[in-house]
Every structure is written in C-alpha cells, then in structure tokens.
1. Multiplying the sequence separation of residue 579 and residue 458 by 0.36 nm and subtracting their Cα-Cα distance, what value in nm do you get?
2. What's the extension gain from residue 408 to residue 222 if we count 0.36 nm per residue and subtract their Cα-Cα distance?
3. Sorted by accessible area (1.4 Å probe), largest first, how do 426, 381 line up?
4. Need the full-extension length gain, residue 153 to residue 538, defined as separation in residues times 0.36 nm minus the C-alpha distance. One decimal, nm.
5. Given the alpha-carbon gyration tensor of the range 174-307, what are the semi-axes of its equivalent ellipsoid in whole angstrom, ordered largest first, with each equal to the square root of 5 times an eigenvalue?
6. Please pull out the direction-averaged projected area of the range 359-412, using the convex hull of its alpha-carbon atoms, in nm² to one decimal place.
7. Any idea of residue 213's accessible area? Nearest 10 Å², probe 1.4 Å.
8. Could you tell me the accessible area of residue 590 in Å² (1.4 Å probe, neighbours in place), rounded to the nearest ten?
Amino acid sequence: MRIITIYIYHKNIMELIFNWNNNSIYNNYKTIEEVIKEWKQTYYLEEWRFESEEQAMINGMYNLFNSEWNDGKKRGQDFLEENEIDYKLIKAIEDVYICYEKECEYDVKIDLMEDKLDFIFLQHAEKELKNVITEHKLNVDFLGNFSLNNYNYTPISRRTRFGTLVDPIELIVFYSGQEKDKYITSFGAFKADYKLNDEITLNATASLHTTQEEEYFDILASYNLGEVNSNLGSENFGQVEFSTGIGSQLNHARNDLDALITNLQLKGIYKKDNNLLEAGIKYQLEDIKDRIIEWEVIDSVGFAIRPPHHSINNQPYDLYRGALQPFQSIRATNNVTINRISGFVQYSRKDFWNEHQIWYNAGMRFQNWSVKANGIASESHFIFSPRVQFAIKPDWEKDMLFLISGGLYYQPPFYKELKDNLGGIHPGVKAQQSIHAVIGNDYSFTLWERPFKLTTEFYYKHLSNVNPYTVDNVRIRYQAKNNATAYAIGIDIRLNGEFVPGNESWISLGLLKTQENIDGKGYIDRPTDQRFKLGILFQDYVPNLPDLKAYLNLVYNSGVPGGSPSYADVYKFQSRLSAYKRADLGVSYVFVDKNKKATSSWLRNFKELTAGLELFNLFDINNSITNTWVRDVYSKTMYGIPNYMTGRVLNFKIGMQF
C-alpha cells in the first residue's frame, strides 16, 4: 500500500512525529521548525527505533492527528493551519483506519490512498529535515588492505595425454628444482564527502598502492613425448610405442618488481530536480622498478637447441663456431615513471516524452599521460573520449525499457602493455581505441504470479591501435606495438526471476566473435574469442524447512584460443582449448538473519549466521586453462600441452555478522 511505502521511505520523519507526540503534553510547539530544532539537538545522542506492523502504524498515525486536531487548547489546529495542512488529511487517515477495521478490499485501499491522502505534512517536514540532516555534513572514510603471499612450488612429475582418438600423444615429465614466489601488497585510501547543501556534494579521495613481487625458479624437466597405440585390438593398446621427442628443459628466472602508485581525485555532484551533473579530475603517479632475468635451455640427446630466428650456416660442411646461447633469454632492468592527469564531465536527466519516461546522459573523459623510462626522453599522449546514452520506457501495458548507447573509448597503456616480450620499454605505445555501439532491452513481466526480468543486449566494437598479445602458459605477453585492428560483436541474454517463490534464479546466454588483423596479415581469433557461454543458477529451499537452502550452478563455455609461445608467430598457433564445463552444488542453513530471530541466548550475539557445504566441479571434469609448449626436436613442432584446473573440491563456509 502507498501509505506503508511512504512510511518506510520517511522513517526519520515518522520517528520525529511519534517522538513529538509523546512529548506534546509538556511543550508548546506550533511549527515544524520548532520541533526540528529540539530533534536536531538530540538526534545524534539517542538511538531510537520504531518497529510495528501495518495496523499499529495506522493506529499511531490516526491517534496522533486525531488528538492534535481535537485537543481543547486547539494546539493541533494551530499546528495544522500554520503548516498548511487541512482537515482532508485527518479525514483520509481516519477513513483508512476505518477501512482496516472493516477489512476492505485491496483495490479500495489503493483508491483511498491515491484519491484522498495529501501528504503535505510529510512533504513539508521532509524538506526541512533534509536541510538539517545534510547541512554541511562531512563524512571521512578509510579503507586499508595488506597481504603477504608466499608460494613454494616443487614439481615432481607429470603425465598428460592429448591429441585426438586417431593420433593420441602422451607427455611424461620428471622434474627437479623448485620455484619460490613472494608477493607483498598494501593499499590505503582516504575519502572525504562534504554535503554543501541539498544540491551539491563534493568528495576527495587520496590513495596509495604498493606491490613488491619476487619470482625465482630453477626447474629442470626431463621429458619424453611419444605416440600412443590407439589400436583397440592390440596388446599394447594405450601404451607409448614410439618416442618422438626425448630431451630436457632448464628454466631459470630471477625477476623482481617494485611498484608504487599514488593518486588524488576530486569530484563534484550537482543534483537539482531531475538533473544530475557530475565532474571530476584525478592525478596519478606510477613509479615502477622492474628487473627481469629469464632464460631457457632445451637439450635433446646432448645437443643444445639454438634460439629461434638464428643465423644458419652450411652444416655439416662448415663448423658452427658461434657462442652457445640459450633457446630463450631475457635480461632487462627498467625504471619507469608515468604521470597521468584525467578528468570527466557527465550530465544526466530523467524526463517524460509525452506519456513515455526517458533517461539520457552525455559525457566526456580525457587523459594526458607521459612516460619516462630508462633515461629515454619523456613522451606525452592525450585522449578525448565522448559517450552518450538514451533510454526510454514506453507507456505500454507491458513493462519494457529500451536503451541505446555509444561512444569513443580509449584504454591507455599500463606498464605491462609498454613492455615487449624481450623486456624492452616502448614509451610511444598509444592508447587502444574502440568505437562502441550498444542496443538493449529490459522486459519485466509476471509468470506464475511471480516477478521475472528478461535482459537482452547487442553490442559491436570497432578497435584500432590494438596492442596484440598472446597467452604463454599463464603469462600475458604484449608486442608493445599498435600494429593491429580488431572488432567484437556479440549478444548477451539473461532471464532472472523467482522460479521458486522467494528465491531468485537465472539463466544467461552469450554469443561472441572477436578477431584481429596484425600487420595486415588477415583476421585471426583474439585470445578472448569465446564463441558461446551458457550459465544456469537455480536456488531452492525445503518447503517444510525454509531455512535449509540449496543451489545448483551449471556452466558451459566454448574453448578459447590456446595462445602461443611468446617468441612465435601467432598466425601459426590457432588451436583452441577444450570447452569449459562445470557443475557446482551447495547447501546452507540460516540460523539467524533479518527474517529469523534468535531462538537461543548464544545466537542473540549475531545479526546474521549461516553455514553450508559446497561441492565445486561436481563431476570432476578436467578443464584446461592454458597450454605449456613442448618442442619436438625431430619435427621441430611445438605441442600445446593443456594445463588442467583443480578438480573436485569440497568447501565448508560460515558467514556471520554482528
């Protein structure tokens, strides 16, 4: 009902009314301003809560206004007259009270609310209260975080089968050595919000982020790459019959990274009626020190494999007299300073077009940054990014919202995007540019007498100045060149609602195609080209025990490109990883929450307490995430060996709030 909604929305005002009524015998207030004056003095000193059922709230309002109107001193009448509240308000509340007593039909109550209630008092009091509560209000917040992570990795052996049913291949690896990684990260931010008045809010944010990373490893891998017998009638079915590659691989790294990022941001918000204007400016300083020492030696039957793109001599007639070099080697020390100044302005408005409700906003962002690296002269860049959005909710019987948006977007490079696969820094790398166009629709409807919402979004992006990258195992390696163009086109569909009363579930479907053209060689799939995505989350509870809840999560994603070695031509490595398939099951029990009061003394210490069990990857499916590249020295072929993610996991969780 409308009166209940207004009561909840104006809780502070209703608290004022009831407190004032309780003290009315002892005071001589006649205006809202006088009531507020005293309330302002005690607002921050007393904690007062009001909880009631709908009937109790109606009774309270009726008694309040009825007594104020009818007392012998005409105190209530003076109050109503001086604040421009006429008798219609009292009569309407009295009618509602009587309606509740007689158990009127729901539509009758709605008519009473919309036709009779004129909440002049609430509207007047709300305006005055806002001025009191928000006048020169200053809030200061702090957010801090510190983390220390140490990883000690000692591989022992590995056996992985891949390939096809007709041509299966098995990799067997025995390791020696270890990897030790250390990551120290800290973050701190102060934020201050200053409410100048009802219309203007100012805020300032200052933050500091620092990270120190160490990546040290020496790992020797002795491997055997062999062909597996696939003849079902053979006695040796499933066994390795022929070794196509026998050798060893030694990987060494001593990498250190130290980064300090500081920024200061100022933002202003101006809101008046249905208009919203936002603007801000930000300064950020990035100070990064990086040392990279990596090399890899590949040995096959006592012969060291020479690095890619090496010079060829006329063997065996001419002896090779060059230096012995590792297959891969990176040595670099980088000291990089990046200064960024960015800002934005955005205007939004909510309005009506005839009987149709509309929203629109337009804005722009800019950024200027300069990169200084390793004594190289500083190089500056500037970008300007306009964007606009329009949405309309037609005055139709069906609840639909249509939106369209577009703009010119930029992605300025961070440190890793300035670094090529040999560790060199390129200050001239430009921001990647994208022209976006998005069309969407939200359709809210009722099914089985429960709310549902269908969201559909179609998008297209044209990208230029693209900085290509590849995924080598779990590392992203950029070319540090703006030598590609690309595009992305797709559609996302999501249906969410209460398939089970009181529990929201959803189904999502996504289609995507994204490709890039590097150096004019033609379009190939980008590393993020995931053509198909399907996700289902279903939540339920036990009817006779609603605090016992369960969920089922199903995911199917088609495979993405498997990457390539960092030194290789990506056009020669266009194989895909296998599809990602996963099912999760969870069960939880609610002991205490806002809808369930504590039944024992020890539970009264909690506002919320839940516990549950989750089984991730229910069917223990081997899902690959990246490839490890192994070279067959005889055929000179690089094989992508899938790296599988964690299998089935049992997790116990407990959540509490005091």
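The values are calculated or read from the model by the stated rules, or taken from the named source; none is laboratory data. Every value quoted in this text rests on a predicted model; they were computed, and no experiment measured them. Don't worry about glycine lacking a Cβ; one is built from the backbone with ideal geometry, like all the others, and counts go over all protein chains shown. Heads up: the accessible areas ignore ligands, DNA and RNA and are worked out on the full protein's heavy atoms, side chains in. Shrake-Rupley method; radii C 1.70, N 1.55, O 1.52, S 1.80 Å.
1. Residue separation times 0.36 nm, minus the Cα-Cα distance, leaves 41.2 nm.
2. Values: separation 186, 0.36 × 186 = 66.96 nm, distance 5.09 nm.
Taking 0.36 nm per residue and subtracting the Cα distance, the gain is 61.9 nm.
3. Ranked from most to least accessible, the order is 426, 381.
4. Full extension from residue 153 to residue 538 adds 134.8 nm.
5. Working: eigenvalues 694, 109, 28 Å².
Three semi-axes, in Å: 59, 23, 12.
6. Convex hull of Cα atoms, orientation-averaged projection: 4.7 nm².
7. Counting only protein heavy atoms, the figure is 60 Å².
8. We get 10 Å² for residue 590.
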